[in-house]
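Computed from the coordinates by the stated procedures, all read-outs in this text should not be read as laboratory data. Small disclaimer: the values here were computed from a predicted structure and weren't measured. Glycine gets a Cβ as well: all are built from the backbone with ideal geometry, and neighbour counts include every protein chain shown.
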Amino acid sequence: MKQLLLALTLLIFMPVLAADQGNDPLIIDVRTPVEWETGHLVGAELIEWQEIGEKIANLTTHKDEIIYVYCRSGNRSGKAKEILDQLGYSNVLNAGGVAEAQAFIDSSEAAEH
């Protein structure tokens, strides 16, 4: 009986535990290094948009990880999102320009919780 209760408990709680592993989303600045030096979001990684296909595996190989991309206006991050989508990454969000990216990320994170 105890084994049955343990099994049922695990069946109920494992999906919950697996869904929230406490991992922060990946934030990628796709601007140039010169633009990066003028300021960037805390915790962001720098990969220029035209190099994202070659360098994304250095940051993650988890195709379902939440990835935010941003640039100056949203144009280059849109291109980076398309590249990542084509590579099979399924949770890539264009956070737009650097000025609004943090607010976009914060609101998206709040909506998930």
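In region 15-113, what chymotrypsin sites (Phe, Trp or Tyr not before Pro) fall in a loop by DSSP, with at most 13 other Cβ atoms inside 10 Å? Mind dumping the intermediate values first?
Details: sites: Trp36, Trp49, Tyr68, Tyr70, Tyr89, Phe104; in loops: Tyr89.
For chymotrypsin sites (Phe, Trp or Tyr not before Pro) across region 15-113 that sit outside H, G, I, E and B with at most 13 neighbouring Cβ atoms in 10 Å, the list is empty.
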Rounded, prolate or oblate, given the Cα gyration tensor of region 17-113, with a/c below 1.5 counting as rounded? oblate
Taking only the Cα atoms of region 23-69, how large is their convex hull per residue, in Å³? 71
